[in-house]
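The values are calculated or read from the model by the stated rules, or taken from the named source; none is laboratory data. These numbers come from a predicted model, not from an experiment. All Cβ positions, even for glycine, are placed from backbone atoms using ideal geometry, and neighbour counts span all protein chains on display. Just the protein is used for accessible areas: all its heavy atoms, side chains included, with ligands, DNA and RNA removed. Shrake-Rupley method; radii C 1.70, N 1.55, O 1.52, S 1.80 Å.
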Amino acid sequence: MADGGGFTEVTSEAELRALLGPPMPRAVTKERTRLHEMDRRWLAASPFCLIATADADGNCDVSPKGDPPGFAHVIDDTTIAVPERPGNRRADGFRNVLANPHVGLIFLVPGRGETLRVNGRARLLRDAPFFDEMTVKGHRPALALLVEIEQIFFHCAKAFLRSSLWEPATWDPGALPSTAQITKSVQKVEETLEELERYYGPEYADRLYVPVPK
């Protein structure tokens with residue numbers, strides 16, 4: 001279907017399959033419902049994940065989470081927990097979970113192109129016996145996302161190979177303004193640019209596990 005802008009939209013799965021073809025057999029059979037030992041090893045090595053959620057109306061959000069490798073706590077073969085650390089307290093994803101428990105997570109290991117994908121249902125916990133095990137630099141989480149696994153599988157490295165994401169020679173962080181400059185440009189903030197530069201300066205990393213004043 002084409003609209004006034006010249007776009008041709010795909011509107012059915014049959015049309016989608018006509019464009020892409022059927023999935024490779026190996027892509028279908030890789031789905032599992034329980035953690036394998038290899039999944040546990042991957043989670044133990046992963047310091048970063050992305051968590052996708054949606055509210056009751058389907059409005060989506062993706063939130064990054066990071067901590068030392070192994071931060072995702074394995075409870076059993078079908079359950080993991082992700083601790084929450086001090087942040088901006090928007091809680092977009094958490095508010096979504098309260099309305100719609102379906103979540104999707106992608107766990108990354110630096111330098112590896114493959115990712116571990118986990119889909120399931122989530123609950124918010126304010127405490128549990130394993131919270132002590134998720135303490136980092138003296139910070140015991142006040143909240144954790146409990147994920148009951150419904151689907152888990154490894155995703156291939158094509159996206160990372162195409163993007164050269166892990167190749168330092170391709171990195172160019174200086175191509176963009178500083179975080180302070182971006183914040184001052186896109187937000188209405190009271191701080192001056194100089195104050196923002198100090199806030200996002202070297203001491204920013206020292207406050208990663210310090211609760212933000214309410």
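Values as computed for the structure displayed
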{"item": "Within the stretch 97-120, considering residues that are free of Cβ contacts under 8 Å to residues at least 40 places away in the same chain and open to solvent by 10 Å² or more (accessible area, probe 1.4 Å), the one farthest from the chain's Cα centre (by Cα)", "result": "LEU98"}
{"item": "Cross-chain or 6+ apart pairs with Cβ under 8 Å, the stretch 152-179 first and under 24 Å from LEU35 (Cα atoms), then of a type in the set (S, T, N, Q) and outside any helix (DSSP H, G or I)", "result": "ILE152/THR33; ILE152/ASN119; PHE154/THR115; HIS155/THR115"}
{"item": "Close pairs (6 angstrom Cβ cut-off, 6 or more residues apart or separate chains): closer than 19 Å to GLU150 by Cβ in the stretch 7-33, at pLDDT 95 or above and open to solvent by 100 Å² or more (accessible area, probe 1.4 Å) anywhere", "result": "none"}
{"item": "Any hit, the stretch 3-24, residues being part of a loop (DSSP other than H, G, I, E, B), touching a Phe, Trp or Tyr at 6+ places or on another chain (Cβ under 7 Å) and surrounded by 12 or more Cβ atoms within 10 Å (Cβ to Cβ)", "result": "no"}
{"item": "Unique residue being acidic (Asp, Glu), open to solvent by 60 Å² or more (accessible area, probe 1.4 Å) and under 25 Å from ARG41 (Cβ atoms) when the list is GLU197, GLU190, GLU148", "result": "GLU148"}
{"item": "Sole residue being open to solvent by 50 Å² or more (accessible area, probe 1.4 Å), farther than 17 Å from HIS36 by Cβ and either part of a helix (DSSP H, G or I) or not acidic (Asp, Glu) (or both), chosen from PRO86, PRO69", "result": "PRO69"}
